[in-house]
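Quick one: structure below, then a few questions.
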Amino acid sequence: MADPRPPRDALVLFDLDGTFADTAPDMAAALDRLMRRHGRPPLPFERVRPHASHGAPGILRVGFGLTPEDADYEPLRREYLRIYESALVDRTAPFPGMVELVDTLEARGLPWGIVTNKSTALAEPLLERLGFLERVACLVCGDTTPRPKPHPDPLLYACDLLGVAPERGWYVGDAERDIQAGLAAGMGTLAALFGYLGPDDDPRAWGAHGMIEHPMQLLDWLDYEADRND
């Protein structure tokens, strides 16, 4: 008997940093430059990488021990972003398998989009230089809606833009807030284990519908959804 639920086979949305693209090398390089400017030795890349999904707040937390509530945070954030913006895609690239995945999605006629907490000023040029800005069906950034992830608003906005009911789509992310946002939006959720997971992260506890170790494994979930309604 076919499953009465609508299949999740109409839309795929990705987080950007740590899911769609490996941005950590350039984000860490910008932190190195910032720390040298302020007389601090750079940190090993392995220590910085898990924090890249959390943007400038995560980067400044690991590099300077600062939070947005600290008086020195905002000036350093602006300085960091200027450095990062000047070398946005020197070493950034899609994760292995991601190009093949979106090629397959497009061949199947499935729209795909990016929903990120990265600002539009950074996300748009990054995707443009990687050659994906003209291909992506939607780009929803941290400043697109009043409330970023973990609120579901950005995902709901993306689904509305593309005219797809949230329950017909998937959201793929490497951070707990991604899974929280996807679940709150009513989407299928997949935790990207190839992303920027830290030693204290436990994606099994996030409540995602599944976990993938390689981007192409998403196709297994799409195929399952198609088969269960035949």
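The values are calculated or read from the model by the stated rules, or taken from the named source; none is laboratory data. No experiment lies behind these values; they were computed from the predicted model shown. Cβ placement follows ideal geometry from the backbone for every residue including glycine, while neighbour counts extend to all protein chains displayed. Note: areas computed on protein heavy atoms with side chains; ligands, DNA, RNA excluded. Shrake-Rupley method; radii C 1.70, N 1.55, O 1.52, S 1.80 Å.
Points 7 angstrom from Cα along the Cβ direction at D223 and R204: gap in nanometres?
2.6 nm
In percent, what relative contact order does segment 23-86 have, based on Cα pairs under 8 Å that are 6 or more apart in sequence? Walk me through the numbers before you get to the answer.
Values: 61 pairs, mean separation 22.5, N = 64.
Reported as a whole number, the value is 35 percent.
One-quarter of the Cα convex hull surface for segment 1-69, in nm²? Working shown, then result.
Numbers: hull surface 29.9 nm².
Mean projected area of the Cα convex hull: 7.5 nm².
Hand me the GluC sites (Glu not before Pro) from segment 106-161 located in a DSSP loop with no more than 12 other Cβ atoms within 10 Å, in residue order please.
Of the GluC sites (Glu not before Pro), the ones in loops of segment 106-161 whose Cβ has at most 12 other Cβ atoms within 10 Å are E134.
Quick check: the angle from helix 153-162's long axis to the longest principal axis of the chain, C-alpha only, nearest 10 degrees?
Between the helix axis and the principal axis of the chain, the angle is about 50 degrees.
Angle check, please: helix 176-185 long axis (alpha carbons) against the longest principal axis of the chain (alpha carbons), in degrees 0 to 90, nearest 10.
40 degrees
Continuing with this model, one more query. Over the chain, with a Gaussian network built from C-alpha contacts below 10 Å, which listed residue (L110, L13, L197) shows the highest mean-square fluctuation?
Looking only at L110, L13, L197, the largest GNM fluctuation is found for L110.
Sticking with this one: Calculate how steeply helix 73-86 sits against the longest principal axis of the alpha-carbon atoms of the chain, using the helix alpha-carbon long axis, and give the answer as 0 to 90 degrees to the nearest 10.
Helix 73-86 sits roughly 70 degrees off the main axis of the chain.
Probe radius 1.4 Å, ligands and nucleic acids ignored: give me the carbon and sulfur share of the accessible area of segment 11-56 as a rounded percent.
On the way: 870 of 1740 Å².
Solvent-exposed carbon and sulfur of segment 11-56 make up 50 percent of the total.
By average Cβ neighbour count within 10 Å, what is the ranking of 116-122, 188-194 from highest down? Can you show the working numbers first?
Numbers: 116-122: 20.4, 188-194: 23.0.
Peptide ranking by packing, descending: 188-194, 116-122.
Got the relative contact order for the chain handy, in percent, Cα pairs under 8 Å and 6 or more residues apart?
Numbers: 402 pairs, mean separation 60.6, N = 230.
Dividing the mean separation by the residue count of the chain yields 26 percent.
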